Amino acid sequence: AEVAKVAEAQMADAQKSFATSVDAALKNAPAGSENAVALVKSAMAAANNAYESVSKAAKQAADVAEANFTAVTNTAVKASQAAAKGKRA
């Protein structure tokens, strides 16, 4: 979980840095390139939204997998405890 948080923070920093660089480059775009600038900004927004959606889905899948693993582990522990009690009786 800690590794995921660090990776998310680094990715957010990288996205911010990239967006800042692109914005700086677009400010120096030649006159008449407004449509191209708008297209680049729109593509960046779409890419960020896609990344966020995939990241959110992956996190949800990992959470579900972890919950299932915990449930199976708890069931196995209870079963082994019950079996151990049955052998003692």
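In debye to the nearest 20, how big a dipole does the chain give about its Cα centre with +1 on each Lys and Arg Cβ and -1 on each Asp and Glu Cβ?
Numbers: 10 positive and 8 negative charges, 151 e Å.
Magnitude of the dipole: close to 720 debye.
Over the chain, with every protein chain in place, what whole percent of the accessible area is carbon and sulfur at 1.4 Å, could you tell me? Kindly include the intermediate steps, with their values, before the conclusion.
Working: 4520 of 7200 Å².
Exposed carbon and sulfur together represent 63 percent of the surface.
Which of rounded, prolate, oblate describes region 6-67, given a ≥ b ≥ c as roots of the alpha-carbon gyration tensor eigenvalues and a/c under 1.5 marking rounded, otherwise prolate only if a/b is larger than b/c? It is oblate, given that a/c is not under 1.5 and a/b is not larger than b/c.
Can you work out the accessible area per residue across the chain, with the rest of the protein chains kept in place, probe 1.4 Å, in square angstrom? Write down the numbers at each step before the final one.
On the way: 7200 Å² over 89 residues.
Averaged over the residues of the chain, the accessible area is 81 Å².
Sort region 35-78 into rounded, prolate or oblate with this rule: let a ≥ b ≥ c be the square roots of the eigenvalues of the Cα gyration tensor; rounded if a/c is under 1.5, and if a/c is not under 1.5, prolate when a/b is larger than b/c, oblate otherwise. It would help to have the intermediate numbers written out before the result.
On the way: a/c = 11.62, a/b = 11.33, b/c = 1.03.
Here region 35-78 falls in the prolate category.
Projecting label points 7 angstrom from Cα along Cα→Cβ for Lys59 and Lys78 puts them 3.0 nm apart. Cβ-Cβ distance of Met44 and Ala4, R₀ of 30 Å, FRET efficiency by 1/(1 + (r/R0)^6): the value works out to about 0.80. Comparing Ser17, Ala50, Asn28 along the charge dipole axis of the chain, the residue lying farthest to the positive side is Ala50, per the Cβ-charge model.
If one takes the longest principal axis of the Cα atoms in the chain, at what angle in degrees, from 0 to 90 and to the nearest 10, does the Cα axis of helix 2-27 lie? Tilt of helix 2-27: around 10 degrees.
The values are calculated or read from the model by the stated rules, or taken from the named source; none is laboratory data. These numbers come from a predicted model, not from an experiment. Every residue, glycine as well, gets a Cβ built from its backbone with ideal geometry; the counts of neighbours run over all protein chains shown. Ligands, DNA and RNA are stripped out before the accessible areas are found, and what is left, the full protein with its side chains, is counted by its heavy atoms. Shrake-Rupley method; radii C 1.70, N 1.55, O 1.52, S 1.80 Å.
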